[in-house]
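Got a structure for you, written out below as structure tokens; questions coming shortly.
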Amino acid sequence: MSLKVDADSLRQEILAATEFREKFLDRLDDLIRRSYGRFYRVDRKPGSPVTENHGYEYQSVMLPTLVYDNPRCKIRAARPDMTDAFGMTTMGDMAQGLELFLNRWSEDSNVAQPLSDMAVDFMFAHMVALVTIGNQPGYQGVEMTPQQPYIIRIAPQHFILDPAAMTWNPMQSNGPRYMGHMWIADKDDLVDDPDYNSDVIEKLSVDADVEVYLAERKHLSIPSRNEIVAWDIWVPEMNELSDAPEYNGTIYTVAVANTPAGTSKKAYMIRDPRPAYAPPWGPYVMHGSMKVMNSPYPLSPLAATAEQWEELNAHTTAAAENAAGFKKFAYGEKSNTADMETIKHASNGDVILLDDTDKIGQMEIGGTSEAEYKFVSFSRERLNRVSGLSDAYRGETSGVTATEASIADTGVKARIGGIKRQFRMAVATIFKTAAWYGFYGEDFSASLGEEGKRLGVSEFQGGIEGGREHFNFFDLSLSIDPLSMEHTDQAMFQRRVQLAFETVSSLSQVMSQTPWIKWREPVRTLFQSLNVGDADDWIDFQKLAEAQSNALMQQANPGAAQQQMESQAARVASASSPRLPGDRANIPSSMTGRAHIALARESGGMNAEVFGS
């Protein structure tokens, strides 16, 4: 039996999913306020002094290791020699064009910026990305505007999924039967939008639920903006509207309004259901640091250590208060007032004469006890051990031996490496979703710049029509270069560049004498592992091929080498340009087409009160 997808049934699903989500995010606001302390915002201070700000420290250390620069991907085809119906474009060409397109898009769109925002969500709760498509900037007014992917951060408080699921991935067993997010928009804009049902939208009350969408609105003096709140719900099992491979599931847009009596709320479908132009795993990417058994919501590092962080903060606060009450003073007998006055007014370095020193002493009261100090140290070491923030990872030296430091560093790197891997998997899914849009969308086209020219692919054109209908997206594999996103200090970068230069210099003669080895791939892999740039910026592989050809010619016929060199230029000049992915020249118009894409609105989340009585 299929999921009920009428407006009232979806409202009930949203209520259940929202209530379930809030069980995981109930203490999130406390974590956030503790991480920014008492001097960031005067009206939203944490409940107690933050003397041990583990949240800030964890972010400042981990954020540059998760995402520091724009990621780069690598795409490979399982059957790179498969050609289109005309024998001109291969799956290998398609994979190479997609790889260059996504890497160029990553740089031009500064993908690191939204990824940085989502990395903070990743550390506090879980990250949610909506990967959609839109017009490329700079083409306003152009009739055929090229498209590109867009990454939109969805706040964890604005995202829901099926509470009966055991994983967020709808392609896995026991995955969610629906996912969705809340968005907010001006009512007048929706009334004027032909994609929306203006008669229904006129029934909705403005500004009724904006504080549910953003709780901070109740703390702000913002005038009425005539906004309404709605949900986009993606249901993957509903595929009746389209059987095309680039469409998976259906998107439903639901909003609520007070009934005329004002006693309850009624749900409306404010837009016709539409097929989702999205991959089978959907337009959303949800990910977290650690999987919790049989739960779709992951466990974040700061939530997992929150109790230890809270305990350490309580003890350091108590120790600070005790230290502030520490007093050290002199005392004497009441009858010895003259000596007391002399001591009271003495300055450092003075020589004073006292009548009776045996009747004068000093006393200390208050302060931090040794036991309290030891427990604070124990609590801090325990928190560091669980969170992985060792002194070495902070850049501090602990005085241990080199062997001990190496062993400890290996353990910390393994733990931190696991967290980095989880975030990199999320980024890979984001790029895989973007690749899906580029693979099927004929509106996807872009110049590939110098890197594309070096590889003979100056422009990318997406789409699988026109002889490429048999191409399968799942023949492609995508991975993220693990070092492309991380911060590299200057000394490390210098060592890597020096190693790359020495390696290329030592291999240069070997490469020209061994044409049977495909040198481009191993050299590119070497450069990626060193994270010093692209091998094509260092090596002209076309000239390397010429040198290899001349070396073979010299070995086979020493006298023919000169003739080979003279004729090579003529062959290059007369060679036809390779057919680029998406080239429609000389293909009958009946075999070409253009994808018609209906997009959901992209923004926003909601709580149960929106649909409540």
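Please state, to two decimals, what the Cα-based radius of gyration of segment 161-308 comes to when divided by 2.2 N^0.38 Å (N = residues).
Ratio of Rg to 2.2 N^0.38 Å for segment 161-308: 1.25.
Now for a separate question. Below 8 Å, C-alpha to C-alpha, sequence gap of six or more: please give me the relative contact order for segment 97-232 in percent.
This gives 17 percent for segment 97-232.
Could you name the lysines in cross-link range of Lys518, using Cα to Cα under 18 Å and dropping any fewer than eight places away on the same chain?
Lys74, Lys543
Moving on. Give the distance, in whole Å, between the Cα centre of segment 183-246 and the Cα centre of segment 100-125.
Segment 183-246 and segment 100-125 have Cα centres spaced 26 Å from each other.
Rounded to two decimals, what ratio of Rg to Rh does segment 268-382 give with C-alpha atoms and a Kirkwood Rh?
That ratio equals 1.49.
Could you tell me, in Å, what Rg and Dmax come out for the Cα atoms of segment 450-527?
Rg then Dmax for segment 450-527, in Å: 18.0, 51.
Points 7 angstrom from Cα along the Cβ direction at Asp30 and Val504: gap in nanometres?
5.5 nm
Pairs of alpha-carbon atoms within less than 8 angstrom and 6+ residues apart define the contacts here; what relative contact order does segment 1-145 have, in percent?
18 percent
Something else: Once you keep just the Cα pairs under 8 angstrom separated by 6 or more residues, what percentage relative contact order results for segment 260-383?
27 percent
Leaving ligands, DNA and RNA out of it, report the carbon-plus-sulfur percent of the accessible area of segment 312-363 at a 1.4 Å probe.
Here carbon and sulfur together make up 52 percent of the probe-accessible area.
If I model a spin label as a point 7 Å beyond the Cα along the Cα-Cβ vector, how far apart are those points for Ser2 and Glu240 in nm?
About 0.4 nm separates the two model spin labels.
Starting from the Cα coordinates of segment 132-220, work out the convex hull volume and express it per residue in Å³.
With only Cα atoms used, segment 132-220 gives 187 Å³ per residue.
Could you report the accessible area of Met171 in Å², rounded to 10, computed with a 1.4 Å probe on the protein chains as they sit in the structure?
The value for Met171 is about 100 Å².
Distance between Cα centroids, segment 5-28 to segment 308-358: provide it in whole Å.
Their Cα centres are 60 Å away from one another.
So what are the three principal axis dimensions of segment 217-300 from its Cα atoms, in whole Å, longest to shortest?
Principal-axis extents of segment 217-300 (Cα, largest first): 43, 38, 24 Å.
How would you rank 236-242, 308-314, highest first, on the average number of other Cβ atoms within 10 Å across their residues?
Put in order of decreasing packing, that is 308-314, 236-242.
Past the 31 Å Cα-Cα mark, which pairs from Lys23/Lys45; Lys45/Lys266; Lys327/Lys359; Lys45/Lys432; Lys218/Lys265?
Cα-Cα > 31 Å for Lys45/Lys266; Lys45/Lys432; rest within.
The values are calculated or read from the model by the stated rules, or taken from the named source; none is laboratory data. Please read all numbers here as calculations on a predicted model, not as lab measurements. FYI the Cβ positions are ideal-geometry reconstructions off the backbone, even for glycines, and counts take in every protein chain you see. Heavy atoms of the whole protein, side chains included, go into the accessibility calculation; ligands, DNA and RNA do not. Shrake-Rupley method; radii C 1.70, N 1.55, O 1.52, S 1.80 Å.
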